[in-house]
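Note sheet for the following structure.
FYI, it's all coordinate maths here, none of it is from the lab. It should be emphasised that the depicted structure is a prediction, and the values quoted were computed from it without experimental measurement. Methodologically, a virtual Cβ is constructed for each residue, glycine included, from the backbone with ideal geometry; neighbour enumeration extends over all protein chains shown.
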Ligand code: ASP
């Protein structure tokens, strides 16, 4: 028989008790974290969200009824306890818990609920399949490390609000049932019951609405908001994720970036006690790509890319020469101390490079005695080798690896390889926070598949002021268009993009030209985002903003490998919620109401 809670109220959370409570009678509520029977005396670690305290049921001291009940208690039973706080006998203290010098001698015990056999233990560092953890997420979240992550996330919300409200921002909600927002992913669609054949799209971001709020004169808007993107989940992504989204009127890039740096500084200081050095350094997109092969460089370690293209034009090695002479790039990374890598490990690097599209990877090992080992040195003269070593800043004991391909492939492959090498060689220091702003992005890029220009960010990103006059020319000449830089900025932390934004186009004539450049006709623009274009005609102020990926930020702040670790109820990599069993089939009547017919693949019926 279970006991009732009745009017039993707790005096303290378990983890709040201290030696100051010795002698007090206290009432506690929580879960039996562990139960031990030591020769008749029963010890239960009682746990709630604040921590653990040991409760003791000694048959010679506690009432018989409490003792009889205590014998029935198993892991994760829900208990109400009344007892007296005592100092633990000398030698029985537990330094691992904050309440380790005290215990509670039980005078009354109520069992409020039982618990089935657990699918996994409620403790940190468990080795359990993620799908099982997600199916029993309520148990997973009872584990202290998960609770701590959720708590930090909660603190990020609160501190963000505190900071932004303190800087004159107003929190406004924007709709979830809306029209497509062009952030480059597939939309999630919601069918309309009232107008068969029509669909709402879940927002990929509040982009259009936050700009419209600027037209509305809100000046400073923010929202902690869910966004939905139906994209490939192989990378660490979620179909629904959270942004800290904001927008400001009458600002330049500097204003948005400075405000953002202030927020980052505030969050890290307040929640982690870490002083972020301001201003955060800035790097152009071009420099990031050239030196690190990516626009999200991890600056906690070196391994910079070195350019050998000029030298490669002269050498006999055909692969290098052909690439260098046909507009490609030959670049390399010097792996300091890498000469100790085995042939097998080097082959492993080649395979890794091939996974990202390289045809091969050339390498030169410089042994400790200065002798060279490499399949390619025979194609180099002494002088060329000297030049090469010079460019690569090579010393004895180093391993040099090279990729020769189109500029995109060379950079992409070396970007990934650089990260892989840093991990393999243990070059990533613990506890370092390397922030960098990436600026001066190209406004547009050429999409080979679609055979047209596309916006690198979204199509509402402003070109630089000085290029606005050249828009007409650019419509005629793709090269001019490709030379434009945008007023966008991304914030990168330890190689992860944590925020991004831009100064927007606020003039309808400029917006129209940008649509024209990227091949969106007037009709299409009108159809897809006519409401924004119309709004711009009614006195839109210059404006700009930014959005943080909150999940990624919290994952970094808590040292989590995946954003799934910091989302209360995430989906698996297949987009499934094992807890709720979503997505799922719906009843035929529901489909009928929506005017929808579906064909269910046979193997699934
Ligand atoms: N809406 C953009 C995004 O979701 C951010 C921004 O430009 O403010 O990436």
- Task: Mind giving me the FRET efficiency for residue 112 and residue 420? R0 is 56 Å, r the Cβ-Cβ distance, nearest 0.05 is fine.
- Result: 0.60
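Take the alpha carbon gyration tensor of the range 206-249, find the square roots of its eigenvalues, order them as a ≥ b ≥ c, and report rounded if a/c is under 1.5; if not, report prolate when a/b exceeds b/c, else oblate.
Numbers: a/c = 4.02, a/b = 2.84, b/c = 1.42.
Prolate, since a/c reaches 1.5 and a/b exceeds b/c.
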- Task: Assuming 1.567 mPa s and 4 °C, estimate D for the range 160-200 with Stokes-Einstein, Rh taken as the Kirkwood radius over Cα pairs, in µm²/s.
- Result: 98
- Message: In the range 301-321, whose amide N lies under 20 Å from the spot 7 Å out along Cα-to-Cβ of residue 386? List them in ranges.
- Response: 308-317
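With r as the distance between the Cβ atoms of residue 603 and residue 132 and R0 = 25 Å, compute the FRET efficiency 1/(1 + (r/R0)^6) and round to 0.05. The partial results should precede the final answer.
Details: r = 25 Å, r/R0 = 0.99.
That gives a FRET efficiency of 0.50.
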- For residue 574 and residue 521, calculate 0.36 nm times their separation in residues minus their Cα-Cα distance, and state this gained length in nm to one decimal. 15.5 nm
- Query: What are the semi-axes of the equivalent ellipsoid of the range 329-387, taken as the square roots of 5 times the eigenvalues of the Cα gyration tensor, listed largest first and rounded to whole Å?
  - Reply: 20, 15, 10
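Sorted by average packing, counted as other Cβ atoms within 10 angstrom per residue and highest first, what order do 429-440, 562-573 take?
On the way: 429-440: 15.5, 562-573: 18.8.
Answer by packing, highest mean first, reads 562-573, 429-440.
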- Distance in Å, no decimals, from the C-alpha centre of the range 395-446 to the one of the range 104-167 is 37
- If you stretched the chain out fully between residue 472 and residue 445, how much longer would it get, using 0.36 nm times the residue separation minus the C-alpha to C-alpha distance? 8.0 nm
- Item | Cα-projected label distance for residue 125 with residue 2, points at 7 Å along beta-carbon direction, nm | 3.4
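What whole-number volume per residue, in cubic angstrom, does the convex hull of the C-alpha atoms of the chain give?
Values: hull volume 145.8 nm³, N = 605.
Hull volume over Cα atoms, normalised by residue count, gives 241 Å³.
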- Query: Say each of residue 479 and residue 537 gets a label point 7 Å from the Cα, pointing the same way as Cα to Cβ; how far apart are those two points in nm?
  - Reply: 3.7
- Query: Which shape class applies to the range 179-321: rounded if a/c is under 1.5, otherwise prolate when a/b exceeds b/c and oblate if not, where a ≥ b ≥ c are the square roots of the Cα gyration tensor eigenvalues?
  - Reply: oblate
- Run the quick spin-label model on residue 496 and residue 593: label points 7 Å from Cα toward the beta carbon, then report their separation in nm to one decimal. 4.0
- Rounded to the nearest 0.05, FRET efficiency between residue 71 and residue 354 (Cβ-Cβ, R0 51 Å) equals 0.20
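Going by a ≥ b ≥ c, the root eigenvalues of the Cα gyration tensor, does the range 1-101 fall in the rounded group (a/c under 1.5), the prolate group (a/b larger than b/c) or the oblate group? The partial results should precede the final answer.
Numbers: a/c = 1.44, a/b = 1.14, b/c = 1.26.
Rounded, since a/c falls under 1.5.
Just for the chain, what percent of DSSP beta bridges are antiparallel, to the closest 5?
On the way: 91 of 98 bridges.
The antiparallel fraction comes to roughly 95 percent.
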- Task: For residue 465 and residue 561, calculate 0.36 nm times their separation in residues minus their Cα-Cα distance, and state this gained length in nm to one decimal.
- Result: 30.5 nm
